[in-house]
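Quick note: the coordinates plus some simple rules give every number you see, no bench work behind them. Being a predicted model, the structure only gives us computed values, none of them experimental. All Cβ positions, even for glycine, are placed from backbone atoms using ideal geometry, and neighbour counts span all protein chains on display.
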Amino acid sequence: MWPRARTRKATEILTTLKRRMFADKRQNDFIALMDGVGDKHPHSQTILEFWASIHSELNRESQYFEVLIKLFDVYLTSGNVKRAAESLERLVDIDAYDYRNQERMELLRGKVDDAQLKRIASRLVKSEPDAGPCFPHS
């Protein structure tokens, strides 16, 4: 894990690079670069937050979802359950059908306010991981 000063400097450099590459209409190249940086630093909260913000800004929902999963894990591991719960809420907003959201909610049980868990649970759609498509009988 990087020291805070080094992480902050890396984020400043990435922000400058983002501005330049976006101005040159090279968003896809910047995303590829960020994917590499994020993959190399999967436990850096600051890098993951920056990476998530890029996917969110560019409306790349499936990639944003995957980075949010990593952020949830980092927040939970570091004891920042409030931020973990916020990440889970965003995950549910993106895909209420993902069965792993229920598993993540269970990891938060007893660590965050019950009202918040109930709010998240009310938005989850129950699904089974191996269930195939449901077709009505004719």
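A few remarks follow.
- With a simple spin-label model that places each label point 7 Å from the Cα along the Cα-to-Cβ direction, the separation between Glu89 and Leu33 comes to 3.3 nm.
- Helix-only mean residue ellipticity at 222 nm for the chain, each DSSP H run of n ≥ 4 adding -39500 (n - 2.57), per residue, nearest 500: -22500 deg cm²/dmol
- Using the Stokes-Einstein relation with a Kirkwood hydrodynamic radius computed over Cα pairs, the translational diffusion coefficient of segment 1-73 at 25 °C and a viscosity of 0.890 mPa s comes to 199 µm²/s.
- Fully extended contour minus Cα-Cα distance, from Thr15 to Arg109, at 0.36 nm per residue: 30.2 nm
- Restricting the trypsin sites (Lys or Arg not before Pro) of segment 1-42 to loop positions (DSSP other than H, G, I, E, B) with no more than 12 neighbouring Cβ atoms within 10 Å leaves Lys25.
- Farthest toward the positive end of the dipole of the chain, out of Leu14, Leu58, Ala84, is the Cα of Leu14, where the dipole comes from beta carbon charges about the Cα centre.
- Cα-based shape type of segment 41-93, given that a ≥ b ≥ c are square roots of the gyration tensor eigenvalues and the cut on a/c is 1.5: oblate
- Length available on full extension from Lys118 to Tyr99: 0.36 nm per residue minus the Cα-Cα distance, which gives 5.2 nm.
- Here is the size of the chain from its Cα atoms: Rg then Dmax, 17.4, 64 Å.
- Size of charge dipole - segment 1-107 - debye, nearest 20, with Cβ of Lys, Arg +1 and Asp, Glu -1, no other charges: 700 debye
- Across Lys18/Lys40; Lys18/Lys82; Lys18/Lys70; Lys70/Lys111, pairs whose alpha-carbon gap is larger than 27 Å: Lys18/Lys82
- With distances taken between every two different alpha-carbon atoms, segment 64-120 has a Kirkwood hydrodynamic radius of 11.0 Å.
- Taking each residue as 0.36 nm, the span from Glu49 to Asp24 lengthens on full extension beyond its C-alpha to C-alpha distance by 6.6 nm.
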